[in-house]
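Student: Here it is, the structure in full.
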Amino acid sequence: MGSGAPSGRCHPDGAVRMPPRSATGAVAVPALAAPVLAPGRAAAEEVPRPVPGIVKPLPAEWFVPRGTNAEMRWESLRGADGEAVVGRRVPVERFFVRNHTSTPLIDPASWRLRLFGSGLRGAPARERAVEFALEDLRALPSTRIDALIECAGNGRGYYSRQQHQSVPGTPWTLGGVGSASWRGVRLAEVLRAAGLTDGAMDVLPSGLDPDYVAGGVNYGPVRRPLPIAKALDDVLLAFEMNGEPLTPDHGAPVRLVVPGWVGIASIKWVGGIEVADHPLHSPWNTDFYRMFGPGHPPGGGDPLTVQVVKSAFELAEGAVLEAGREHRLHGRSWSGTAPVHRVEVSTDGGRSWRRAELHDEPRAHDWTRWSIGWRPERPGRHELRARATDRRGDTQPDTAGFNREGYLFGAVVAHPVTVA
Ligand code: MTE
């Protein structure tokens, strides 16, 4: 597969919204009608919503609206005085949102998780699925993990801006990522409780959001298979984010969190999980979220799994810094495979590099905050760069490998600032 899909696939902009399906038993109400107010506004004063399918307010100082998505502004992690306003975890209200269609409102009381398929004892059919209510999940032993969610297309905008390569789809800069603390039940625990067999090979979690329609094709509900090895390793069925029940935009009542992997693996609003003794497919591992184009196999590379190494400054692009004064440049670096080992910063467009000071104990699947001092003397345009290396030895390259859909942009990003 892969050749017949429309060119805008994997990118929801312009997607048609279909009514939510009711066959799942969950009450999924499109959020489009609910009025949402900007913070601080009087209740009567309705304001236009920058992204209609997203329920939470999206203040312009925190987010860049991008089609059906909202990108986090990196500069919003610092106040006007340069002080940190966001710690290692991104508060729920500031967390980026990536929706293929729109956020459904799901009644947690009638919500059920339904597991079925040939990989379970007795091979229950979809209509005879093993069901778990939210309180059933909450009654199982729970676990907390700190993990990033990051879109596979995070950084895509730099393929054109920095490498002059044209790619379709949401032109994220680096704000399609966030770190949160997630509480839930291990998927392994639920699979075993549902009667997992030794022959199980793939699991396919499915979202309760409206079907994804693009280019005249209805791809059905957002769903993507996981190999059983990953499903049994560290995947969480999360019902809490940063200590509070999940909110609608981030997958309430229950979502997957798949540490280290591209964000599409972390299915939100999960309703059903097929467990099979044979390989499973969906457009999200055949047509989308694989590497296509020159240098990749004709039908596309393997389905994307782990994220690449990246770094970002907590600073606006084009920020103005005072000449002849000591500044502290802050940022964060992360990798999908291993803890961050080292971060280097260049303030002269990549000619020389200095090592940044790390402020967190580096951990896998999470970011590490860092900073470095800089006293610019010469007024004018300067170019900052940050380059991280993880403990496996993976370093950010100068150029990201081209792929037609613009996934996994891991190259060092040139960050312009003005010294005045
Ligand atoms: N799950 C469903 N059901 N529908 C979606 O559109 N988007 C995926 C994933 N899970 C998506 C989904 C993608 S591409 C990403 S990057 C993450 O959710 C984003 O999670 P967030 O919106 O909580 O930041």
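Every read-out reported here was derived from the displayed coordinates using simple, explicitly stated rules and does not represent laboratory data. These numbers were taken from a predicted model, which means no experiment stands behind them. Cβ: placed from backbone, ideal geometry, glycine included. Neighbour counts: every protein chain shown.
Student: Take the residues in the range 132-154 that are outside any loop (DSSP other than H, G, I, E, B) and closer than 22 Å to Ser335 by Cα; name whichever of them is nearest to the ligand (Cβ to nearest atom).
Tutor: Of the range 132-154, the ones outside any loop (DSSP other than H, G, I, E, B) are 132-139, 143-150.
Next, from what is left, pick out any that are closer than 22 Å to Ser335 by Cα: 144-150.
Working: Arg144: 17, Ile145: 15, Asp146: 15, Ala147: 12, Leu148: 10, Ile149: 5, Glu150: 7 Å.
Looking at the filtered set, the residue picked out is Ile149.
Student: Given the conditions (1) part of a loop (DSSP other than H, G, I, E, B); (2) within 13 Å of the ligand (Cβ to nearest atom); (3) aliphatic (A, V, I, L, M), which single one is not true for Leu315?
Tutor: Looking at each condition in turn, Leu315 falls short on (2).
Student: Also: How many of the residues in the range 68-84 are in a strand (DSSP E or B) and over 19 Å from Pro171 (Cβ atoms)? Walk me through how you get there before you give the answer.
Tutor: Filtering the range 68-84 down to residues in a strand (DSSP E or B) leaves 69-72, 78, 84.
Now narrow it down to the ones that are over 19 Å from Pro171 (Cβ atoms): 78, 84.
Matching residues across the range 68-84 total 2.
Student: Another one. Of everything in the range 336-364, what is free of Cβ contacts under 8 Å to residues at least 40 places away in the same chain, outside any loop (DSSP other than H, G, I, E, B) and surrounded by 14 or more Cβ atoms within 10 Å (Cβ to Cβ)? Give them in sequence order.
Tutor: Taking the range 336-364 as the starting set, the residues that turn out to be free of Cβ contacts under 8 Å to residues at least 40 places away in the same chain are 347-348, 351-359, 361-362.
In the following step, the residues that additionally are outside any loop (DSSP other than H, G, I, E, B) were identified as 354-355, 357-358.
Answer for the range 336-364, where residues must be free of Cβ contacts under 8 Å to residues at least 40 places away in the same chain, outside any loop (DSSP other than H, G, I, E, B) and surrounded by 14 or more Cβ atoms within 10 Å (Cβ to Cβ): just Leu358.
Student: Further, regarding this structure: Any idea which residue in the range 259-292 is nearest to the ligand (Cβ to nearest atom), counting only those that are under 17 Å from Leu105 (Cα atoms) and over 16 Å from the mean Cα position of the chain (by Cα)? I'd like the intermediate steps shown before the answer.
Tutor: Of all residues in the range 259-292, those under 17 Å from Leu105 (Cα atoms) come to 267-272.
Still in the list and also over 16 Å from the mean Cα position of the chain (by Cα): 271-272.
On the way: Gly271: 9, Gly272: 11 Å.
Restricting to residues being under 17 Å from Leu105 (Cα atoms) and over 16 Å from the mean Cα position of the chain (by Cα), the top hit is Gly271.
Student: So which of Leu256, Leu208, Leu246 ends up being without any contact (Cβ under 8 Å) to a residue 24 or more places away in the chain and within 19 Å of the chain's Cα centre (by Cα)?
Tutor: Details: Leu256 fails: without any contact (Cβ under 8 Å) to a residue 24 or more places away in the chain; Leu208 fails: without any contact (Cβ under 8 Å) to a residue 24 or more places away in the chain.
The unique qualifying residue is Leu246.
Student: Right, something else. Does Arg66 qualify as being among the charged types (D, E, K, R) and touching a Pro at 6+ places or on another chain (Cβ under 8 Å)? Reasoning before the result, please.
Tutor: Numbers: among the charged types (D, E, K, R): yes; touching a Pro at 6+ places or on another chain (Cβ under 8 Å): yes.
Spelling it out, Arg66 is indeed among the charged types (D, E, K, R) and touching a Pro at 6+ places or on another chain (Cβ under 8 Å).
Student: Considering only the range 203-218, state which residues are under 17 Å from Gly272 (Cβ atoms) and more than 11 Å from the ligand (Cβ to nearest atom). Outline the logic, then answer.
Tutor: Kept after step one, since they are under 17 Å from Gly272 (Cβ atoms), are these residues of the range 203-218: 203-212.
Once the filter is applied, which keeps residues that are under 17 Å from Gly272 (Cβ atoms) and more than 11 Å from the ligand (Cβ to nearest atom), the range 203-218 yields Val203, Leu204.
Student: Considering only the range 181-201, I want to know if a residue exists there that is within 16 Å of the ligand (Cβ to nearest atom), crowded, with 20+ Cβ neighbours inside 10 Å and polar (S, T, N, Q). Before you say what the answer is, go through the steps one by one.
Tutor: Pass one, the range 181-201, residues within 16 Å of the ligand (Cβ to nearest atom): 181-184, 187.
Next cut, crowded, with 20+ Cβ neighbours inside 10 Å only: 182-184, 187.
Next cut, polar (S, T, N, Q) only: none.
Scanning the range 181-201 turns up no residue that is within 16 Å of the ligand (Cβ to nearest atom), crowded, with 20+ Cβ neighbours inside 10 Å and polar (S, T, N, Q).
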